[in-house]
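Bear in mind these aren't lab numbers, they're just calculated from the coordinates by the rules spelled out. Everything quoted here is computed from the prediction, not taken from an experiment. We place every Cβ from the backbone using ideal geometry, glycine too, and count neighbours over all the protein chains shown.
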Amino acid sequence: MSAVEAGLWILGAATVSGVPLRAWIVRGRPYALFTLILLLLSVPAALVVHGRLRGALPPAAVPWLDATFVWGLVATTAHLLALAEPRLRHAPFRLGISVPAMVFLSTGALSLVWLALLAPLGAIVALRAGGLAGLPGWLYAVPPVVALASVATSSRPRRETVRFSLIDPDDHAPKATISPLATVNSQHINEPGGPDARAEDFELRRLAVTRRRSYAPRPRREDARAAGRRILHVVQITDPHLGPWQPVHKLAREIERLCAGEPDLVLVTGDLLTMESGGTPGALAEAVAPLRRLTGRTFAVLGNHDHEALDEVRAGLHAAGVRLLVDEEVRVETRLGPIRILGADWRGRKRAEHLQNLFASWPRRDALPRLLLLHDPSAFRLVPPGAADLTFSGHTHGGQLGLVSLGLDWTVLSRTRWPDHGLFASGPNRLYVHRGTGHYGFPLRIGVPGEASRLEIELPPRTE
């Protein structure tokens with residue numbers, strides 16, 4: 001080991017030990033444990049990968065590699081220490097410290113996984129070569145390359161127009177192409193601290209939608225009526241995670257773009273904040289201010305992160321004229337007639353009991369179209385058949401890792417109990433899972449870009 005590498009290991013050890021100690025003094029034990037675990041999962045692996053790359057790169061490139069590593073480690077130290085007093089900070093700190101720190105931590109976490117995957121292969125190579133040979137050095141470039149590529153995927157959501165139909169909601173095989181996704185027997189799924197969801201099988205199927213990679217001009221309302229079609233225009237905002245990657249001005253600008261076409265409804269399905277924005281009073285109100293001109297058409301529910309700064313979320317939404325639905329229903333007049341919107345609060349435990357009580361308190365009373373706002377789509381299996389025509393969710397960030405950027409639906413959440421992205425069906429129930437406007441902290445959207453979409457939803461003919 002060279003003197004430079006030894007110095008980097010000493011610097012890494014100082015970070016892993018010193019940051020949690022300072023965090024404990026300033027903010028207490030929980031945050032100290034959080035920083036310790038985060039650093040242990042990233043710094044040692046990053047040091048190992050860095051050492052392998054030093055031996056593989058041309059000598060002229062090594063000083064640049066060392067300087068980049070030191071910058072990332074120092075930025076990580078400064079970022080985590082600053083989070084002991086969380087608040088949104090100015091652009092130089094955000095771009096020079098917070099963003100590089102989260103890229104460094106992401107690279108370290110990916111390095112740990114990659115080293116674990118390479119370990120068996122390295123052992124085989126060493127045995128065959130009598131212990132004198134190792135894996136090619138270029139293999140260790142995979143974690144930083146993937147991390148940098150994910151920054152590009154994570155930095156900007158994909159702007160789309162999404163079209164699908166709710167006609168014939170009782171038909172198990174609607175016009176859209178259906179492919180089997182997952183079958184879950186709820187007898188074997190117990191809610192933490194709660195009863196089983198239902199006794200029968202829950203079959204979740206992915207339905208095809210039409211996606212256009214830009215905001216298509218909104219069709220004239222007269223043309224839609226003349227064609228006899230009822231097209232509901234919806235903007236869904238979910239998981240923007242206001243913070244270093246999603247500063248106030250960026251989120252406000254994206255909301256302004258999304259709402260430029262005068263949508264019929266704007267539906268916010270939770271997780272508006274990060275640790276930084278939760279500690280900055282008034283930041284959310286400023287970011288969602290463009291929604292004020294759509295008062296009466298904007299509705300929201302809470303996500304898991306919103307409960308960490310509940311007063312700030314309530315104040316920000318109220319300032320923008322957004323109606324927060326906490327286990328309640330509202331009837332909304334739209335150009336297509338009245339629509340009912342039911343908002344479910346987020347629950348981490350006893351979700352089956354919570355949703356059972358919600359639907360008992362707000363039973364379906366008429367044939368009006370009914371929309372359900374439900375932050376976590378894994379709870380969709382608990383929605384009684386026919387209780388809502390369409391459920392809107394987020395939370396999964398589209399699966400984070402997958403092949404969506406290549407035009408394929410597959411993600412790491414495919415065939416699991418968590419619907420990842422797009423349109424799904426279970427019996428007569430429909431679910432749309434938004435990939436998320438942003439991401440929380442680490443830029444690990446790999447092949448799954450965020451989503452900034454306008455939804456064009458065809459409703460069944462009016463029955464009253």
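Rounded, prolate or oblate: which fits the chain when a ≥ b ≥ c are the square roots of the eigenvalues of the alpha-carbon gyration tensor, with rounded for a/c under 1.5 and prolate only if a/b beats b/c? Walk me through the intermediate numbers first.
Values: a/c = 2.02, a/b = 1.73, b/c = 1.17.
The shape class here is prolate.
Peptides 368-375, 260-267, 107-114, 87-94 ranked from most to least packed by the mean count of surrounding Cβ atoms within 10 Å: 368-375, 107-114, 260-267, 87-94.
The label point for ALA319 and the one for SER17, both projected 7 Å from the Cα toward the Cβ, are 4.4 nm apart.
Quick check: convex hull of the Cα atoms in the range 3-153, volume per residue, rounded to a whole Å³?
Numbers: hull volume 19.3 nm³, N = 151.
With only Cα atoms used, the range 3-153 gives 128 Å³ per residue.
Between ARG292 and LEU40, the simple spin-label model (points 7 angstrom out along Cα→Cβ) gives 4.8 nm. Axis angle, to the nearest 10 degrees, between helix 29-56 and the longest C-alpha principal axis of the chain: 60 degrees. Compared with the direct C-alpha span, the chain from VAL412 to VAL70 gains 119.9 nm at full extension, assuming 0.36 nm per residue.
If you place +1 on the Cβ of every Lys and Arg and -1 on the Cβ of every Asp and Glu, how big does the dipole about the Cα centre of the chain come out, in debye to the nearest 20? If you can, show how the numbers build up before the last one.
Details: 52 positive and 41 negative charges, 179 e Å.
With Lys and Arg at +1 and Asp and Glu at -1, about 860 debye.
Within the range 421-448, list the residues whose amide N lies under 15 Å from a label point set 7 Å along Cα→Cβ of LEU403. 447-448, by backbone N distance to the label point. Quick one: grab the alpha carbon gyration tensor of the range 292-373, order the square roots of its eigenvalues as a ≥ b ≥ c, and give me rounded if a/c is under 1.5, else prolate or oblate depending on whether a/b is larger than b/c. Verdict is oblate for the range 292-373.
Take 303-314, 49-60, 235-246 and order them by the average number of nearby Cβ atoms within 10 Å per residue, most first; the result is 235-246, 303-314, 49-60.
Remark: spin-label model distance ILE167-THR210 equals 1.1 nm, labels positioned 7 Å along the Cα→Cβ axis. Multiplying the residue separation of ALA260 and GLU85 by 0.36 nm and removing their Cα-Cα distance gives an extension gain of 59.3 nm.
To check you understand DSSP bridge types, tell me what percent of the beta bridges within the chain (both residues inside) are antiparallel, rounded to 5. Working shown, then result.
Working: 33 of 63 bridges.
Percentage antiparallel, nearest 5: 50.
Need one word for the range 269-326: rounded, prolate or oblate. Basis is the Cα gyration tensor (sqrt eigenvalues a ≥ b ≥ c); a/c below 1.5 gives rounded, then a/b vs b/c decides. Verdict is oblate for the range 269-326. Multiplying the residue separation of ARG253 and VAL330 by 0.36 nm and subtracting their alpha-carbon distance yields 24.9 nm. Calculated mean residue ellipticity at 222 nm for the chain: -11500 deg cm²/dmol, from DSSP H runs with n ≥ 4 weighted as -39500 (n - 2.57), summed, divided by the residue count and rounded to 500.
Which angle from 0 to 90°, rounded to the nearest 10, does the C-alpha axis of helix 3-27 make with the longest principal axis of the chain? Result, in degrees: 50.
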